[in-house]
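The values are calculated or read from the model by the stated rules, or taken from the named source; none is laboratory data. All values reported here derive from a predicted model rather than from experimental measurement. Virtual Cβ from ideal backbone geometry, glycine too; neighbours counted across all protein chains shown. To get the accessible areas, we keep the full protein, side chains included, count just its heavy atoms, and leave off ligands, DNA and RNA. Shrake-Rupley method; radii C 1.70, N 1.55, O 1.52, S 1.80 Å.
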Amino acid sequence: MNRTPRNPLFWLMMVALTLVFIGPLLMVILTSFKTRSESQQVPPTFIPETWTLGAYRTLLSDAGSPVMQWFATSLIAASLHALLVVTVASMAGYALARMHFRGRTAIFGLILSTMFVPGFIFLMPNFEMMSKLQWLDTLQALVVPGAAGAFGVFFMRQFFTALPVELEESARIDGAGPMTTFFRIVLPNAKAAVMTLVVLSFLANWNDFVWPLYVMYDKLTLPIGLSRLQGAYTIDYPVVMAGASIAAVPVLVIYVFLQRYIIQGVASSGLK
């Protein structure tokens, strides 16, 4: 099948859009290799005149700023949160998509309605629950709240609705029960949606700033810790950018390895 060659203007626009999205990230990474004086030059330089790892040495050797501890806390919390979100959302979404029970439509509508409520409204109730459970300044406070979010349930429900019912009927004919059908037939066929939800949940927890600021005091997450690298009167830009570069590593790794699952999952779930 012969494809019509693209107009050169199309490729020019694609290159321009690529630079718009990648440019800030490149600037962050390149600034982290500059000296402090060069980072404050006017006009600024794009490529460092003198390449140095001084910012990374300063960042990783400062006992008052345990970046790797912040990194580990964020990584563990985001991973556990994503796992919990997928577990809850996949089961709830499957029940709303396949099981017939009284009030199913009303329950789904009620869940969807919570998506229109601003997230800040839940800050105080969630904080009170964490305080009553004595979970403040613990990983549980970062992992559990938001695990039963409406978006995950809606996303998985949409995907399960699009799956052929014949797959489950064949499993039942072979003697498989509801749980066996779900775990051995439905979930393997929903890999794209599951991986997409994992990525979205991981990134939401990884980048969260406000909630950890409320509930974490000693065990800081990476976004909170990096915000403390800025001084009251002066900012060491290479050190701040080095911290931002470290924070971007998991995001880039996830994007590289799971990009095809994200595209497939979003497309097959009927979302735009």
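What does the convex hull of the Cα atoms of the stretch 193-239 come to per residue, in Å³, rounded to a whole number? Write out the running numbers ahead of the final one.
On the way: hull volume 4.9 nm³, N = 47.
Here the figure is 103 Å³ per residue.
Kindly identify the stretch 1-122 as rounded, prolate or oblate by the Cα gyration tensor criterion: order the square roots of the eigenvalues as a ≥ b ≥ c, call it rounded if a/c is under 1.5, otherwise compare a/b with b/c, prolate if a/b is larger, else oblate.
Working: a/c = 3.05, a/b = 1.49, b/c = 2.05.
Taking the square roots of the gyration eigenvalues as a ≥ b ≥ c, the stretch 1-122 is oblate.
If you build the Cα gyration tensor of the stretch 57-162 and take the root of 5 times each eigenvalue, what three semi-axes come out, in whole angstrom, biggest first? Don't skip to the answer; put the middle values down first.
Values: eigenvalues 239, 57, 26 Å².
Square roots of five times the eigenvalues give 35, 17, 11 Å.
When the Karplus curve 6.51 cos²θ - 1.76 cosθ + 1.60 is applied with θ = phi - 60°, which whole-Hz ³J(HN,Hα) does each residue of the stretch 130-147 get, with x for Gly and Pro?
5, 5, 5, 7, 6, 9, 5, 6, 10, 5, 4, 5, 8, 8, 6, x, x, 5
If we sort 187-198, 203-214, 10-21 on the protection proxy, mean other Cβ atoms within 10 Å, highest first, what's the order? Intermediate values should be presented prior to the final figure.
On the way: 187-198: 19.8, 203-214: 16.8, 10-21: 9.9.
Final packing ranking: 187-198, 203-214, 10-21.
Could you give the length gained on full extension between residue 62 and residue 137, defined as 0.36 nm per residue of separation minus the Cα-Cα distance, in nm? Provide the component values of the computation, followed by the final result.
Working: separation 75, 0.36 × 75 = 27.00 nm, distance 2.25 nm.
Working it through step by step, the gained length comes to 24.7 nm.
For the stretch 96-242, what does the convex hull of the Cα positions come to per residue, in cubic angstrom?
Details: hull volume 24.8 nm³, N = 147.
In the stretch 96-242, the Cα convex hull volume per residue is 169 Å³.
Report Rg/Rh for the chain, rounded to two decimals, where Rg is the Cα radius of gyration and Rh the Kirkwood radius.
Numbers: Rg = 23.1 Å, Rh = 21.9 Å.
A ratio of 1.06.
Considering Cα pairs under 8 angstrom that are at least six residues apart, work out the relative contact order of the stretch 1-155 and quote it in whole percent.
Value for the stretch 1-155: 23 percent.
Taking amide hydrogens as modeled 1.01 Å from N in the peptide plane, which residues meet the under 5 Å criterion relative to residue 219, leaving out close sequence neighbours?
Amide H to amide H, under 5 Å and 5 or more residues apart or across chains, residue 219 pairs with nothing.
Can you tell me the length gained on complete extension of the stretch residue 91 to residue 165, counting 0.36 nm per residue apart and subtracting the Cα distance?
25.0 nm
Can you tell me which aspartates and glutamates have their Cα less than 20 Å from the Cα of residue 219? Leave out same-chain residues fewer than eight positions away.
Counting by Cα, and skipping residues close in sequence, residue 219 has these aspartates and glutamates nearby: 62, 128, 137, 208.
What is the Cα convex hull volume of the stretch 113-167 when expressed per residue in Å³? Each step should come with its number before you reach the end.
Values: hull volume 5.8 nm³, N = 55.
Roughly 106 Å³ of hull volume per residue.
Along the stretch 247-260, what does the Karplus equation 6.51 cos²θ - 1.76 cosθ + 1.60 (θ = phi - 60°) give for ³J(HN,Hα), rounded to whole Hz, x for Gly and Pro?
Going residue by residue, I get 5, 7, 4, x, 5, 5, 4, 4, 5, 5, 8, 10, 4, 5 Hz, with x marking Gly and Pro.
Starting from the 7 Å offset along Cα-to-Cβ, what nm value, one decimal, do you get for the label separation of residue 107 and residue 25?
4.0 nm
Using heavy-atom solvent-accessible surface (probe 1.4 Å) with all chains present, what is the largest-first order of 157, 36, 260, 172?
Numbers: 157 60, 36 105, 260 150, 172 125 Å².
Largest to smallest exposure gives the sequence 260, 172, 36, 157.
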